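Reviewing the structure listed below.
The values are calculated or read from the model by the stated rules, or taken from the named source; none is laboratory data. What you see is a predicted model; the values in this text were computed from it and never measured. Cβ placement follows ideal geometry from the backbone for every residue including glycine, while neighbour counts extend to all protein chains displayed.
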Amino acid sequence: MRPRFKSRVPARSAMILGSFIFGSSAVLAAPYSVTDGADSNTPGTLRYGLNNGETEISIDTALAPLGSPLTYNGLNALTIHGNGATVSGGDFTLLEITQGADLAISNLDFEGPGGYSVHPAGQGGGKGIFVEVPLEREGVVSLILTDVTVKDVGDHGVHVSDCDIEGCGAGGGGGGDGSSASVYAWLDGVEIDGVGFGHFDADGLRVDERGDGDIYLYAIDSAFNGVGADGVELDEGDNGNVVAEIYDSTLNQNGAYCAPIDPEVPPYDDPTCVEDDDGDLVLDLDDGIDIDEAGDGDITVTMYNVVVNDNFDEGLDFDEAGEGNVKLELAFVHADANADEGVKADEENAGNIIALLNHVTVTNTRNNDGIQMEAADAGQVLVQMRDVTSSGNDGDGAKLEASGGGQLHVQLRDVSFTDNDGDGAQLEADKGWVMLKGDNDFSGNGDDEINLNGGVTEK
């Protein structure tokens, strides 16, 4: 049984919001029916309905490939019932919502031409679904996708941008201005696959939020796989929170856009792929999920029954750089063969990391620790792990650190941190403790079973 939701947007609230959006326009008028599949601006076509401000659309025929983007310039909420149809097109964005209108889409597929790559001849392409939020937008911008697939577009699969500059975020928060609105994304039965290979840093699901708003993500029975950059990136750059709940979903094999490049052999196919890491040229690869919060606000993440395998950088990557906390509740999460940490959380300023891991498995991380959590500026790291396995990783099984005078409090019960190249667990802080309960296994590691540094003691 799925646990009771604990975020600021519980399931009941999300269901009410979804019902409101799907049902509101139906009260006003019958849906506009798409009965002509041609890509033309004539009555009965999809383009005509969008151009003429229809707010509830039912696609009742097969659609011809597009010759240019579909655009909705209205302010009112838009609902599209796809009924199994496919929106396909070329090297451009398939659906653009230009004024930040609420959008609900069900049972509709979006397909680009595919064939994109890091090589110059393979670059280009647009997004699958793009919601642009104007600076004057207020309240909540909602995106509800049910039984939707997005495949083979060159840019982001789904992008909500509450930011006024091109390339907002680009892997980290902070740049640009945005509206005061929050962004709410609900994804149920969504598949985003094979997108993001026509541009650097093109993600499966991307939300950029600036101004004082928050980001809320609820995803269930969804897949974010084989994306050029991050499977999911949520980038909150000002004062505001990020709240994410992900259930019964996969985030696999993401971040490979830059992988064909050799950073030591110029000229590079895409110079933005190569970055200087303390004097070494390295590739800027990407994660299963990447959440950045740069202002004053928390990152709160709940995951249950999520698989995060074979990503080209971190599996789960959470970075909070302002006055806020990172709060994680992970249960039945499996992360295997990610190129960097399987689970990583960083708190760079005055804030804490509070994490509960239950039945989590992190194995075979190739270039770093299995689990890594670090808080700076006197932040506390408060971690409880139960029935957690972190084994076969190139670094430590778990590295937990509170620097700058912060405290570290860790409880480990029935964990297995075995056969790692480094320590089973490395714990470091000026002050702190670790409590061991149950049946724990720290055998077969390259260094220590448990390495206690600074003022950390066993309680």
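Details
- Some residue of segment 167-181 being in contact with a Pro (Cβ under 8 Å, 6 or more places away or on another chain) and either modelled with pLDDT of 95 or more or among the polar types (S, T, N, Q) (or both): yes
- Residues of segment 67-79 classified as assigned to a strand (DSSP E or B) and among the hydrophobic types (A, V, I, L, M, F, W, C), total: 2
- Unmet requirement for T55, which otherwise passes all of (1) at pLDDT 95 or above; (2) buried (at least 16 other Cβ atoms within 10 Å of the Cβ); (3) farther than 16 Å from S106 by Cα: (3)
- Qualifying residue in segment 246-257 (condition: more than 17 Å from D340 (Cα to Cα) and either touching a Cys at 6+ places or on another chain (Cβ under 8 Å) or not in a strand (DSSP E or B) (or both)): no
- Of residues in segment 422-459 being among the polar types (S, T, N, Q) and assigned to a strand (DSSP E or B), the one farthest from the chain's Cα centre (by Cα): T457
For (1) in a loop (DSSP other than H, G, I, E, B); (2) among the small types (G, A, S); (3) within 29 Å of the chain's Cα centre (by Cα), each residue gets a yes or a no:
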position	(1), (2), (3)
S58	no, yes, no
T61	yes, no, no
P65	yes, no, no
N83	no, no, yes
V87	no, no, yes
T93	yes, no, yes
A101	yes, yes, yes
A104	no, yes, yes
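- Positions within segment 270-297 being of a type in the set (D, E) and either in contact (Cβ under 8 Å) with a residue 24 or more places away in the chain or within 18 Å of V207 (Cα to Cα) (or both), in sequence order: D270, D284, D286, D287, D290, D292, E293, D296
- Single unsatisfied condition, G379 versus (1) at pLDDT 95 or above; (2) under 26 Å from the mean Cα position of the chain (by Cα); (3) not basic (K, R): (1)
- Filtering segment 105-126 to residues that are aliphatic (A, V, I, L, M) and surrounded by fewer than 16 Cβ atoms within 10 Å (Cβ to Cβ) leaves only A121.
- Given (1) in contact with an Asp or Glu (Cβ under 7 Å, 6 or more places away or on another chain); (2) over 21 Å from I353 (Cα atoms); (3) modelled with pLDDT of 95 or more; (4) outside any loop (DSSP other than H, G, I, E, B), index of the condition D313 fails: (4)
- Those residues of segment 401-449 which are of a type in the set (A, V, I, L, M, F, W, C) and either modelled with pLDDT under 95 or crowded, with 22+ Cβ neighbours inside 10 Å (or both), in sequence order: A402, L408, V410, L412, V415, F417, A425, L427, A429
- Enumeration of residues in segment 330-346 that are assigned to a strand (DSSP E or B), among the charged types (D, E, K, R) and within 17 Å of the chain's Cα centre (by Cα): K344, D346
- Residue check, L75 at pLDDT 70 or above, within 31 Å of the chain's Cα centre (by Cα) and under 21 Å from S161 (Cα atoms): yes
Conditions (1) within 19 Å of L427 (Cβ to Cβ); (2) buried (at least 24 other Cβ atoms within 10 Å of the Cβ), marked per residue:
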site: E320; (1), (2): no, yes
site: N338; (1), (2): no, yes
site: E341; (1), (2): yes, yes
site: L356; (1), (2): yes, no
site: T361; (1), (2): no, no
site: N367; (1), (2): no, no
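- N349 vs. criteria surrounded by fewer than 24 Cβ atoms within 10 Å (Cβ to Cβ), more than 20 Å from the chain's Cα centre (by Cα), more than 15 Å from L251 (Cβ to Cβ) and not hydroxyl-bearing (S, T, Y): yes
- On the stretch given as segment 423-440, residues that are of a type in the set (F, W, Y) and over 13 Å from L400 (Cβ atoms) total 0.
- Flag if P267 is surrounded by fewer than 18 Cβ atoms within 10 Å (Cβ to Cβ), more than 30 Å from F332 (Cα to Cα), in contact (Cβ under 8 Å) with a residue 12 or more places away in the chain and not hydrophobic (A, V, I, L, M, F, W, C): no
- Scanning segment 381-394 for residues that are closer than 23 Å to D310 by Cα and touching a residue at least 40 places away in the same chain (Cβ under 8 Å) returns S390, N393.
- Residue count for segment 240-254, restricted to those that are under 24 Å from E166 (Cα atoms) and in contact (Cβ under 8 Å) with a residue 60 or more places away in the chain: 1
- Given (1) without any contact (Cβ under 8 Å) to a residue 40 or more places away in the chain; (2) out of contact with any His (no Cβ under 6 Å at 6 or more places or on another chain), index of the condition A181 fails: (1)
- Among the residues making up segment 270-292, those that are of a type outside the set (A, V, I, L, M) and either surrounded by fewer than 16 Cβ atoms within 10 Å (Cβ to Cβ) or not in a loop (DSSP other than H, G, I, E, B) (or both) are P271, T272, C273, E275, D276, D277, D278, G279, D280, D290, D292.
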